[in-house]
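Let me begin by presenting the structure, written as structure tokens, before commenting on it.
The values are calculated or read from the model by the stated rules, or taken from the named source; none is laboratory data. In this text, all values refer to a predicted model and were calculated from it rather than measured experimentally. A quick note on method: Cβ atoms are made from the backbone with ideal geometry, for glycine too, and the neighbour counts reach across all protein chains shown.
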Amino acid sequence: MAEKEVAILGVGLHKFGRQLGKSCEHMGREAGLMALKDNKVDFKDVQIGFCGHCNQPLGTGLHTFSELGMTGIPITNVEVACASSSRGVILGADLIAAGAYDMCMVIGVEKMPRGMVPGLVGDISDASYEHILGLVVMPGTYSMMANRHSHLYGTKREHFAQSAVKAHRNGSLNPLATYQEVYTLEEIMNARMIADPITVYMCSANCDGASAVILCSKEKAKQYTAKPVLLVGWAQGTPIYHQGDPALSEGPTDLLAQKAYEMADVGPEDIDVAQIHDAFSPGEIFSAEKLGFCPEGEGGPFIWEGNTEINGKIPINTDGGLVSCGHPIGATGGRMITELTWQLRGQAGPRQVENPKVALLQNAGLGGMNVMIFKI
Amino acid sequence: MASKEAKKRVPLRKGAFQPPASDKENGYIIGSRCRKCGHYYYRKRAVCLNCHSEEIEEVALSTRGTIWTYTIARQSYPGTLLVPPFVIAMVELPEQVQLMTAITDCDPEAVRIGMEVELYFWKVREDEDGNEVMAFAFRPVSN
């Protein structure tokens with residue numbers, strides 16, 4: 001049986017922010033209602049649900065979906081750290097492509113305290129020697145990769161910081177982002193250093209938020225809208241063992257991108273707008289290379305020269321990315337899909353890229369990575 | 001006098017390393033070696049990541065390596081040992097093992113990629129039984 005094509009039918013977001021004082025169920029409901037109303041989908045037509053979250057209690061998926069209805073559908077919680085809700089959409093896409101289900105909803109939610117990311121270590125008596133010593137600090141691996149990148153390619157601190165300049169400027173155009181502050185390059189580089197070369201303004205912040213995505217078969221989507229956004233390629237994976245590799249990356253970005261490009265029958269040159277995982281700003285430099293937007297080693301100058309601005313060659317993170325939107329872990333993947341959907345539909349307002357047709361998402365976490373390609 | 005010689009040295013965390021029993025002996029980092037394909041790993045492993053064999057023996061890893069990359073941490077996780085600023089590094093050992101560790105006993109600003117470093121133990125505190133609780137990291141090789 002031929003695989004069915006997959007469409008993104010509805011998207012929605014609850015504003016991201018620091019300690020909003022609302023429950024996950026409440027935020028998920030608001031994002032979910034927005035997604036349902038997007039193309040006038042009835043909740044009773046949703047056949048299967050996934051709830052992306054990392055640190056919420058047992059039953060969060062059920063309780064969140066129950067705000068919208070209790071129709072008996074299977075609801076499963078998905079945790080791939082920062083890549084949870086995009087993984088939920090991929091799981092739904094595989095089911096729809098196989099003809100097992102026709103309408104799936106993915107809600108991503110997270111409530112986070114201030115300070116360090118919770119859930120990195122389980123029971124403290126199980127903590128690794130590295131954690132006890134103090135080596136497990138969130139920007140640590142990105143900082144080490146940034147310094148290796150500088151050593152190999154001469155990438156400058158300004159190059160890494162420029163990603164944050166753009167992130168904050170784009171975020172100022174996004175009312176749903178946690179931060180809407182514009183910062184100069186100097187302000188970002190002189191801000192409090194967390195782990196060289198990453199300063200506090202180059203880090204994504206813990207925050208609360210929710211996202212929702214409704215996906216279905218293309219033929220079903222056409223009952224709702226004449227021109228649905230299509231999910232045309234996807235790949236998911238985890239790091240692969242290589243002898244001597246420091247194993248600092250969340251996953252094999254280039255391999256997953258290659259798989260997704262092949263499935264979508266496009267190349268990096270065809271991508272008009274992208275969302276990449278900037279938990280810390282150097283991530284944009286690494287991913288631009290691994291996704292094939294620029295040659296290996298040239299990510300620094302590529303970002304520095306403005307190629308990833310809204311009016312640039314390949315706009316990346318037009319809504320401010322993780323750095324400016326903030327990072328409610330379970331909701332981030334869905335936020336990326338929401339912004340790309342709005343971009344493809346021409347609904348991105350002041351952040352709108354000119355006439356994009358093909359979009360790419362790269363979402364990574366401690367636990368795996370997803371690459372997805374969308375078309376309209 | 002007698003009680004000082006009776007002091008045992010114990011690792012801050014079991015399973016990662018064995019501190020030197022005395023100042024005249026060498027401590028070591030616990031590693032694994034696959035008897036089937038020869039790949040090495042940090043820590044004890046039950047299954048080889050290269051060939052999936054379960055024939056793995058515990059070994060002592062090399063005590064010298066090279067800094068592959070590093071960063072200077074200016075902020076730390078509450079309740080952890082090292083006080084910022086401290087250097088977090090990936091050290092490459094001759095067995096083709098990469099190890100996340102700290103570079104201690106030097107000015108953080110003096111650390112460079114490619115620097116030769118050696119295993120270094122220090123006493124963190126004494127426990128209730130009077131044992132010396134030890135930690136390990138790497139420090140620049142003194143030439």
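Would you be able to tell me the number of residues in the range A:200-219 that are surrounded by 24 or more Cβ atoms within 10 Å (Cβ to Cβ) and among the polar types (S, T, N, Q)?
Selection size over the range A:200-219: 2.
Working only within the range A:330-351, note down all residues that are in contact (Cβ under 8 Å) with a residue 40 or more places away in the chain and in contact with a helix residue (DSSP H, G or I) (Cβ under 7 Å, 6 or more places away or on another chain).
A:Gly330, A:Ala331, A:Thr332, A:Gly333, A:Gly334, A:Arg335, A:Met336, A:Ile337, A:Arg351
So, in the range B:105-124, of the ones that are β-branched (Val, Ile, Thr) and more than 9 Å from chain A (Cβ to nearest Cβ), which residue ends up nearest to B:Tyr42 (Cα to Cα)?
By that ranking, first place goes to B:Val117.
Every residue in the range A:247-262 that is within 14 Å of another protein chain (Cβ to nearest Cβ) and without any contact (Cβ under 8 Å) to a residue 40 or more places away in the chain, please.
Listed by number, the list holds a single entry, A:Ala247.
Is there a residue in the range A:255-270 that is of a type in the set (Ser, Thr, Tyr), touching a Ser or Thr at 6+ places or on another chain (Cβ under 8 Å) and surrounded by 19 or more Cβ atoms within 10 Å (Cβ to Cβ)?
no
Condition test on A:Asp278, is it within 18 Å of the chain's Cα centre (by Cα) and within 23 Å of A:Val106 (Cα to Cα)?
It is true that A:Asp278 is within 18 Å of the chain's Cα centre (by Cα) and within 23 Å of A:Val106 (Cα to Cα).
Every residue in the range B:93-104 that is touching a Pro at 6+ places or on another chain (Cβ under 8 Å) and more than 7 Å from chain A (Cβ to nearest Cβ), please.
Scanning the range B:93-104 gives a single hit, B:Ile103.
Across the range B:125-138, which residue is nearest to the other protein chains (Cβ to nearest Cβ) among those that are surrounded by fewer than 17 Cβ atoms within 10 Å (Cβ to Cβ) and assigned to a strand (DSSP E or B)?
B:Val133
Only one of these is away from chain B (no Cβ under 14 Å), charged (D, E, K, R) and either on the phi > 0 side of the Ramachandran plot or in contact with a Ser or Thr (Cβ under 7 Å, 6 or more places away or on another chain) (or both): A:Glu186, A:Glu181, A:Glu158. Name it.
A:Glu181
Within the range A:227-246, take every residue that is surrounded by 15 or more Cβ atoms within 10 Å (Cβ to Cβ) and over 18 Å from A:Ser84 (Cβ atoms) and give me the one that is modelled with the lowest pLDDT.
A:Pro246
Out of the range B:67-83, which residues are surrounded by 16 or more Cβ atoms within 10 Å (Cβ to Cβ) and more than 8 Å from every other protein chain (Cβ to nearest Cβ)?
B:Ile67
Hey, any hits in the range A:135-148 for a residue that's crowded, with 21+ Cβ neighbours inside 10 Å, within 14 Å of chain B (Cβ to nearest Cβ) and farther than 30 Å from A:Asn307 by Cβ?
Yes, that holds for at least one residue.
Which of the following residues is β-branched (Val, Ile, Thr) and under 18 Å from B:Trp122 (Cβ atoms): B:Thr80, B:Thr66?
B:Thr80
Are any residues in the range B:80-95 in a loop (DSSP other than H, G, I, E, B) and in contact with a Leu (Cβ under 8 Å, 6 or more places away or on another chain), and if so, which ones?
Answer for the range B:80-95, where residues must be in a loop (DSSP other than H, G, I, E, B) and in contact with a Leu (Cβ under 8 Å, 6 or more places away or on another chain): B:Thr80, B:Leu81, B:Leu82, B:Glu95.
Can you confirm whether the range B:96-109 contains a residue that is in contact (Cβ under 8 Å) with a residue 40 or more places away in the chain, farther than 18 Å from B:Leu61 by Cα and part of a loop (DSSP other than H, G, I, E, B)?
no
So, in the range A:242-271, of the ones that are among the acidic types (Asp, Glu) and not in a helix (DSSP H, G or I), which residue ends up nearest to A:Gly140 (Cα to Cα)?
Looking at the filtered set, the residue picked out is A:Glu250.
Can you give me the ranges of the strands (runs of 3 or more DSSP E) entirely in the range B:1-79 with at least 3 residues that are closer than 27 Å to A:Ala146 by Cβ?
In the range B:1-79, the matching strands (runs of 3 or more DSSP E) lie at B:64-73.
Would you be able to tell me the number of residues in the range A:162-181 that are crowded, with 24+ Cβ neighbours inside 10 Å and either at pLDDT below 95 or within 20 Å of A:Pro295 (Cα to Cα) (or both)?
Final tally of qualifying residues: 2.
Within the range B:37-48, identify whether any single residue is without any contact (Cβ under 8 Å) to a residue 40 or more places away in the chain, among the aliphatic types (A, V, I, L, M) and in contact with a Phe, Trp or Tyr (Cβ under 7 Å, 6 or more places away or on another chain), and answer yes or no.
No, the conditions are met nowhere in the range B:37-48.
Does at least one position in the range B:111-120 carry a residue that is more than 23 Å from B:Leu12 (Cβ to Cβ), in a strand (DSSP E or B) and either within 18 Å of the chain's Cα centre (by Cα) or at pLDDT below 95 (or both)?
yes
All but one of (1) at pLDDT 95 or above; (2) farther than 14 Å from A:Ser211 by Cβ hold for A:Val106; which doesn't?
Here A:Val106 clears every test but (2).
Being in contact with a Gly (Cβ under 8 Å, 6 or more places away or on another chain), surrounded by 15 or more Cβ atoms within 10 Å (Cβ to Cβ) and in contact (Cβ under 8 Å) with a residue 60 or more places away in the chain is the requirement here; does B:Val91 meet it?
no
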